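Working notes for the structure below.
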Amino acid sequence: MPRVNVVDFKGRALEELALSEEVFGAPVHVPAMHQVVVAHLANVRQGTHSAKTRGEVAGGGRKPWKQKRTGRARHGSRRSPIWVHGGVAHGPKPRDYSQKVNKKVRRLAMLSALSMKVRNQELTVVKSFGLDKPSTKAAKGFMDAIQAQKALVVFHAGGDNVVRSVRNIPGAKVINVASINVYDLLNSKTLVVTPEVVARLEEVYAG
């Protein structure tokens, strides 16, 4: 059963916390994580790109010059794709990039990402943030104390002060546990959570 130290907001170890073997000690399945990350990046694409075809560009109705006896190549429109200011051949059009991922694959990827954080000793459990008011200085001091790099801070409830304290730290990101995803886990170096977040993750992903 994996175990991690619980620290206070000064970075001092307080106690040990036993983690669920099923959630934080699962085998790492790289293909599942890859599929989920690719789908995540595809799903955040707006797909609103668009280029005009030769039929959508204004003008070009009159034939540039007569068909024969000019010594030049024949053309029927100034808006042909081979002309400057012409339409675009096979250009992008609005489309939906979203991809579907099965629930079992998403769960497997999440378990793999969480387990990898524990295996690489990149998980820090803080007893409480203890922020009565927003303080970037206090949050930065905590990050320095635990030697966090590119931290992902996950809170469970009442995280307004945490959000406003962490969001100005370069490289750090703060999210609610309901929004946790594989991409953010893999894109971060240090995962910072509270015991409540650990309990919530074990409740959702165990069994």
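Miscellaneous remarks
- Each Cα pair under 8 Å and six or more residues apart adds its separation to the average, and for region 80-171 the resulting relative contact order is 24 percent.
- Accessible area in square angstrom per residue, region 29-149, 1.4 angstrom probe: 69
- Close Lys pairs in region 99-141 (alpha-carbon distance under 30 Å; sequence gap of 8 or more, or different chains): 9.
- Carbon + sulfur, % of accessible area of region 88-207 - ligands and nucleic acids excluded, 1.4 Å: 48
- When DSSP beta bridges are restricted to pairs lying wholly in the chain, around 30% turn out antiparallel.
- Note on Lys173: aspartates and glutamates with a C-alpha under 18 Å away, same-chain residues under 8 apart excluded, are Glu122, Asp144, Asp160, Asp184.
- Coil-residue trypsin sites (Lys or Arg not before Pro) of region 73-156, DSSP, other Cβ within 10 Å capped at 15: Arg74, Arg95, Lys100, Lys127, Lys150
The values are calculated or read from the model by the stated rules, or taken from the named source; none is laboratory data. This one's a predicted model, so the numbers in the text were calculated from it and none came from an experiment. Methodologically, a virtual Cβ is constructed for each residue, glycine included, from the backbone with ideal geometry; neighbour enumeration extends over all protein chains shown. Just the protein is used for accessible areas: all its heavy atoms, side chains included, with ligands, DNA and RNA removed. Shrake-Rupley method; radii C 1.70, N 1.55, O 1.52, S 1.80 Å.
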